[in-house]
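Reading through the structure tokens given below for one structure.
The values are calculated or read from the model by the stated rules, or taken from the named source; none is laboratory data. Values in this document were obtained by computation on a predicted structure and should not be read as measured data. Cβ placement follows ideal geometry from the backbone for every residue including glycine, while neighbour counts extend to all protein chains displayed. The protein model used for the area step is the full one, side chains on, heavy atoms only, and it has no ligands, DNA or RNA in it. Shrake-Rupley method; radii C 1.70, N 1.55, O 1.52, S 1.80 Å.
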Amino acid sequence: MSTPSDAQRMEKIVSLCKRRGFIFQSSEIYGGLNGAWDYGPLGVELKRNLKNYWWRIMVHERDDVVGMDGAILTHPAVLKASGHVEGFSDPMIDCRTCKAHLRADQLVDKKGVRQCPNCGGKDLTEARQFNLMFETHVGASAEESSVAYLRPETAQSIFTQFKNVLEVSRKKLPFGIAQIGKAFRNEINPRNFTFRSREFEQMELEYFCRPEQGMELLEYWKEERLKFYENIGLSRASLNVLNVPDEERAFYSKGTYDIEYHFPFGRQELEGVAYRTDYDLSQHQKASGKSLEYFAEETKERFIPHVVEPSAGVDRTVLALICEAYSEDQAPNDKREMESRIVLRFSPRMAPIKCAVFPLLKNKEQLVAKAKEIVALLRPHMTVFYDESGAIGRRYRRQDEIGTPFGVTVDFETLGEKDPALRNTVTLRDRDSMKQERVSIGDLVNFLSSRIR
Ligand code: ATP
């Protein structure tokens, strides 16, 4: 259960995200579109860092995984075969008192009586199935147009392209196909900021294998994915692995783990790692009439591969990164008085801006010129932010609040005015410890790059 302080913490996070340009409500000037979010200048960098790192670890650094990028518009036959047209639905209940549409699992149970979580009303409708897919029409005129769906997950294009990718990549089992992209679900109740949205992004891997390898690979991928989360800065203590019980698993899955994160609003799923057997490829083979079998040269066998699927949410992970990073502590201001500071302790690998560069004074031409030189030196290697306005303490504070791990200040010592030995050195400040050290400009790129990777 979340406590009032958790709710306050979440409120502060949402407000910081808007104030500093991480995440805005979509269509805000028209009153907002529920369940859709726009990422601002810092949010888009954070999101890219996450997706790029996922791609690097899951595709580029492996011999056995290739990528693809499928269409969002999906032929209805695909989603009929996958079971989504029939069964991709949540049970919905309406509250007759306040007219809220509710997912059945959101009702509050008070002494065995089900109540509306919004108004406490007990006058509720029976549950009915509500399909979560967004339907659209493709074609110029209404008569000729045909139904298509916005994909509810990225996985299906991987299954339908399995044979093409297998042929062009000439991979042998076990091997995987990875994809990052948008998915759409008409969630009954979008909530908890970006956690449950109607438009979101997924990072999915379908890892194909022989049937006897499925259970072992499920364990393997669960461990790999946990390592991934730790490497982007989520502590192991904030993560939980739920072994999804038989009755809650999809009927075709022989094993599923949910990797969960302790959000301020409770422990919730970040990623599902599921052993889906040969369900998906078998369904598509049956429905399309095209063989999706694999031919094992060594044994001359033909069979439909099984698959293990680690499926993660980009937006949920971005939110977890922000929640994990958010902290408040005490720091001295320019008058050396302690004041509270907000700091996002992103791991340098994920931080939207890696280094901020400040001339000590903006009206000293030489300081400004040197600072701009350093910006140009660092830019090819990392995201850099130049700031010359306000007291230096204030400038540090602004960067702390957006999680910039390093700050470089160009001062009179840099110009060699105090001690010629310090010429071409700068003050490098660490966001977390607030410690400052003197570093030579020539060493900056190597020094910072080694900490950012
Ligand atoms: P939930 O039970 O929370 O609805 P799910 O089990 O239906 O999620 P999957 O179908 O396993 O989710 O999708 C894989 C991942 O996609 C999830 O772990 C999550 O990170 C992300 N995801 C799914 N639905 C949403 C959504 N509405 N908003 C944001 N991310 C989502």
Check: Conditions: (1) under 30 Å from ALA320 (Cα atoms); (2) in contact with a helix residue (DSSP H, G or I) (Cβ under 6 Å, 6 or more places away or on another chain). GLN436 meets all but one. Number of the miss?
Finding: (2)
Check: Can you find a residue in the stretch 137-150 that is more than 9 Å from the ligand (Cβ to nearest atom) and crowded, with 19+ Cβ neighbours inside 10 Å?
Finding: yes
Checklist line | Test result for LYS122, under 23 Å from GLY176 (Cα atoms) and either among the basic types (Lys, Arg) or surrounded by 17 or more Cβ atoms within 10 Å (Cβ to Cβ) (or both) | finding: no
Item checked: Matching residues in the stretch 321-336 - criterion: being away from the ligand (no atom under 16 Å from the Cβ), open to solvent by less than 10 Å² (accessible area, probe 1.4 Å) and outside any strand (DSSP E or B) -> ALA325
Checklist line | Selection from the stretch 273-310 of residues that are assigned to a strand (DSSP E or B), within 16 Å of the ligand (Cβ to nearest atom) and open to solvent by 10 Å² or more (accessible area, probe 1.4 Å) | finding: ALA274, GLU309
Check: Taking the stretch 233-270 as the region of interest, how many residues are part of a strand (DSSP E or B) and either under 26 Å from LYS12 (Cβ atoms) or open to solvent by 40 Å² or more (accessible area, probe 1.4 Å) (or both)?
Finding: 15
Notebook entry, point to check: Tell me, which residue of the stretch 338-388 that is of a type in the set (Ser, Thr, Tyr) and open to solvent by less than 50 Å² (accessible area, probe 1.4 Å) is nearest to the chain's Cα centre (by Cα)?
Noted result: SER347
Checklist line | Single match in GLN161, GLN156, GLN129 (criterion: over 30 Å from ILE13 (Cα atoms), within 16 Å of the ligand (Cβ to nearest atom) and surrounded by fewer than 17 Cβ atoms within 10 Å (Cβ to Cβ)) | finding: GLN129
Next item on the list: Could you give me the residue pairs with C-beta distances under 6 Å whose first residue belongs to the stretch 199-218 and is touching a residue at least 60 places away in the same chain (Cβ under 8 Å), whose second residue is buried (at least 21 other Cβ atoms within 10 Å of the Cβ) and assigned to a loop (DSSP other than H, G, I, E, B) wherever it lies, and which are 6+ apart or on separate chains?
Entry: GLN202/THR154; GLU204/THR154; PHE208/PRO305
Notebook entry, point to check: So how many residues does the stretch 352-372 have that are of a type outside the set (A, V, I, L, M, F, W, C) and in a loop (DSSP other than H, G, I, E, B)?
Noted result: 5
Notebook entry, point to check: Looking at the stretch 169-207, which of the residues that are among the acidic types (Asp, Glu) and within 10 Å of the ligand (Cβ to nearest atom) is farthest from MET68 (Cα to Cα)?
Noted result: GLU187
Notebook entry, point to check: How many residues are more than 23 Å from GLU199 (Cβ to Cβ) and open to solvent by 20 Å² or more (accessible area, probe 1.4 Å) if we restrict to the stretch 32-72?
Noted result: 8
Item checked: Pair list, Cβ under 8 Å, 6 or more apart: the stretch 411-422 residue under 19 Å from ILE392 (Cα atoms), other residue open to solvent by 50 Å² or more (accessible area, probe 1.4 Å) and assigned to a helix (DSSP H, G or I) -> LEU415/GLN366
Next item on the list: Restrict the check to the stretch 65-77 and report whether at least one residue is in contact (Cβ under 8 Å) with a residue 12 or more places away in the chain, out of contact with any strand residue (DSSP E or B) (no Cβ under 8 Å at 6 or more places or on another chain) and over 21 Å from PHE263 (Cα atoms).
Entry: yes
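Quick grid of which residues meet (1) among the β-branched types (Val, Ile, Thr); (2) more than 12 Å from the ligand (Cβ to nearest atom); (3) under 21 Å from GLU216 (Cα atoms):
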position	(1), (2), (3)
ILE232	yes, yes, no
SER235	no, yes, no
LYS254	no, yes, yes
ASP258	no, no, yes
GLY266	no, no, no
LEU270	no, no, no
Margin query: Scan the stretch 311-320 and tell me whether some residue there is outside any helix (DSSP H, G or I), open to solvent by less than 10 Å² (accessible area, probe 1.4 Å), more than 16 Å from the ligand (Cβ to nearest atom) and more than 16 Å from LYS172 (Cβ to Cβ).
Written below: no
